[in-house]
Amino acid sequence: MKVAKANADEILKKSIEDILREIENELNTKMKDINDSLFSTPREPPHIHFNKHDSYKFETPDDTGTGSNFKGMIVYDLAVLLCTALLALAHDSLLFKNLEKDIEDGLIKIYDITNKKVFIAYDKQGDYRAETRERIERNARIILSTDGCELYGMSWNKEENKTNEDELQQTLETID
């Protein structure tokens, strides 16, 4: 019985390793494709390596800069989105702050042409190049700003809105 259990454990371990290598290869191939589309000359793509079922290493070899790290995370997220049954992805404008304009343009173009849903929060649209700004504006679904155009129609950090926030919280509690 002990031998059978040891054999079963070894088969399971090997199966997990094989599955992780397959996932790793698919993600790394997709990340290379995405990364290559962002540059006119080849640059190192982000790379993931699964050490075990509960351990991995993710990096862009030879580039530990902030912009590269954020680009790597976005490229990884896109690879997961495009290689799986996931339907949507969300990114915050913070991820774009340290990216080169060409990379930013390329990522927005990828978001635009994918058949899946991509939600981004962005600000300072005036900082984008014309083509990228047009893509964002064409695909925008919610545009928020000050003076009554905030989400739910008010700025929550203004003192005069504190009463409204308390009333909303009470309303939500009665719904539960």
Discussion item. Looking at the stretch 132-153 only, could you name the residues that are surrounded by 10 or more Cβ atoms within 10 Å (Cβ to Cβ) and among the small types (Gly, Ala, Ser)?
Written reply: Ala140
Worksheet item: From the list Gly72, Gly67, which one is part of a helix (DSSP H, G or I) and in contact with a Phe, Trp or Tyr (Cβ under 8 Å, 6 or more places away or on another chain)?
Response: Gly72
Worksheet item: What tally of residues in the stretch 82-107 results from selecting those that are buried (at least 19 other Cβ atoms within 10 Å of the Cβ) and not in a helix (DSSP H, G or I)?
Response: 2
Worksheet entry | Which numbered condition Leu27 fails, given (1) touching a Cys at 6+ places or on another chain (Cβ under 9 Å); (2) under 28 Å from Arg133 (Cβ atoms) | (2)
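I'd like the residue in the stretch 129-149 that is in a loop (DSSP other than H, G, I, E, B) and in contact with an Asp or Glu (Cβ under 7 Å, 6 or more places away or on another chain) and, out of all such residues, is nearest to Leu99 (Cα to Cα).
Our first condition is that a residue be in a loop (DSSP other than H, G, I, E, B); within the stretch 129-149, this holds for 129, 140-149.
Restricting the remaining residues to those that are in contact with an Asp or Glu (Cβ under 7 Å, 6 or more places away or on another chain) gives 129, 144.
Working: Arg129: 13, Leu144: 23 Å.
My answer is Arg129.
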Worksheet entry | Test: residue in the stretch 31-50 that is without any contact (Cβ under 8 Å) to a residue 12 or more places away in the chain and either farther than 21 Å from Leu99 by Cβ or under 15 Å from the mean Cα position of the chain (by Cα) (or both) | no
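Test Leu38 against the criterion of being surrounded by fewer than 13 Cβ atoms within 10 Å (Cβ to Cβ) and among the aliphatic types (A, V, I, L, M), and give yes or no. Outline the logic, then answer.
Details: surrounded by fewer than 13 Cβ atoms within 10 Å (Cβ to Cβ): no; among the aliphatic types (A, V, I, L, M): yes.
It is false that Leu38 is surrounded by fewer than 13 Cβ atoms within 10 Å (Cβ to Cβ) and among the aliphatic types (A, V, I, L, M).
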Worksheet item: Can you find a residue in the stretch 7-14 that is exposed (fewer than 15 other Cβ atoms within 10 Å of the Cβ) and touching a helix residue (DSSP H, G or I) at 6+ places or on another chain (Cβ under 9 Å)?
Response: no
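Given the criteria in a helix (DSSP H, G or I), at pLDDT below 95, of a type in the set (A, V, I, L, M) and over 18 Å from Ile136 (Cβ atoms), does Ala79 qualify? Step through it out loud before you land on a result.
Details: in a helix (DSSP H, G or I): yes; at pLDDT below 95: no; of a type in the set (A, V, I, L, M): yes; over 18 Å from Ile136 (Cβ atoms): yes.
Taking the combined requirement at face value, the residue does not satisfy it.
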Worksheet item: What about Glu24, is it modelled with pLDDT under 95, in a helix (DSSP H, G or I), at negative phi and surrounded by 13 or more Cβ atoms within 10 Å (Cβ to Cβ)?
Response: no
Discussion item. Here is a check on your reading of the model: is Lys30 surrounded by 12 or more Cβ atoms within 10 Å (Cβ to Cβ) and either part of a helix (DSSP H, G or I) or in contact with a strand residue (DSSP E or B) (Cβ under 7 Å, 6 or more places away or on another chain) (or both)?
Written reply: yes
Practice prompt. Could you grab me the full set of residues in the stretch 109-128 that are within 21 Å of Leu78 (Cα to Cα), without any contact (Cβ under 8 Å) to a residue 40 or more places away in the chain and in a helix (DSSP H, G or I)?
Written response: Lys109, Tyr111, Asp112, Ile113
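The values are calculated or read from the model by the stated rules, or taken from the named source; none is laboratory data. What you see is a predicted model, and the numbers here were worked out from it, not measured in a lab. Glycine gets a Cβ as well: all are built from the backbone with ideal geometry, and neighbour counts include every protein chain shown.
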